[in-house]
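The values are calculated or read from the model by the stated rules, or taken from the named source; none is laboratory data. Being a predicted model, the structure only gives us computed values, none of them experimental. All Cβ positions, glycine included, derive from the backbone under ideal geometry; neighbour counts span all protein chains shown. All accessible areas refer to the heavy atoms of the entire protein, side chains included, with ligands and DNA or RNA removed. Shrake-Rupley method; radii C 1.70, N 1.55, O 1.52, S 1.80 Å.
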Amino acid sequence: MQFMMLIHHDDDLLAAAPPSLWGDYAAFNQALAKAGGTSGLRLEHASKGRAVTQRNGTTELFDGPYMESKEQFAGYFMMDLPDIEQAVQWAARCPSAQYGTVEVRPIWPTRPQ
């Protein structure tokens, strides 16, 4: 089963993280790759993004961040694992769990299983 691990950072907590965080991430990436996961991508700060909505024929453009929250979407990983319990175990190992929230969601199947 495929899962996406979505990383939501609290920018203030992340700014105070020790430099060792990036070494922790390198080790996490290696371990996840050995388990069949793939490294995702880190996103730029939410303030550099834009959001678009369309309501009643009117397009609205918003500068980031978009949510009334301290945590912003920061990146993701893809995992192919037998069940959500194992995906949750990987999320708990993710260094970002210390600086925000790591969400795990199954990928909607594109073909019958």
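Here are some notes:
- Charge tally in the Cβ shell below 11 Å around Met5, where Lys, Arg are +1 and Asp, Glu are -1, Met5 excluded: +1
- Dipole moment magnitude, nearest 20 debye, the chain about Cα centre, only Lys, Arg, Asp, Glu C-beta charged: 360 debye
- For region 28-35, backbone phi angles converted through the Karplus equation (6.51, -1.76, 1.60; θ = phi - 60°) give residue-by-residue couplings of 4, 4, 4, 5, 5, 4, 5, 8 Hz, Gly and Pro being listed as x.
- Close amide H pairs (under 5 Å, H built 1.01 Å from N) link Gly49 with Gly64, residues at least 5 positions away or on another chain.
- Mean separation of Cα contacts under 8 Å, 6 or more apart, over the residue count of the chain: relative contact order %: 48 percent
- Accessible-area order (highest first, 1.4 angstrom probe) of the listed residues Ile7, Ile84: Ile84, Ile7
- In this calculation the C-beta distance from Asp80 to Ala31 is compared with R0 = 22 Å, giving a FRET efficiency of 0.90.
- Arg93 contributes an accessible area of around 140 Å² to the protein surface, as traced by a 1.4 Å probe with all chains present.
- Ordering Asn56, Ile107, Gln72 by Cα displacement along the dipole of the chain toward the positive end leaves Ile107 in first place; charges were set at the Cβ atoms of Lys, Arg (+1) and Asp, Glu (-1).
- Residue-averaged 222 nm ellipticity for the chain, from DSSP H runs of 4+ at -39500 (n - 2.57), nearest 500: -8000 deg cm²/dmol
- Taking chymotrypsin sites (Phe, Trp or Tyr not before Pro) across region 6-93, the ones in a DSSP loop with at most 15 further Cβ atoms lying within 10 angstrom of their Cβ are Tyr66.
- Extension gain from Met4 to Ser39, taking 0.36 nm per residue of separation minus the Cα-Cα distance: 11.5 nm
- Glu103 - accessible surface, heavy atoms, 1.4 Å probe, Å² rounded to 10: 60 Å²
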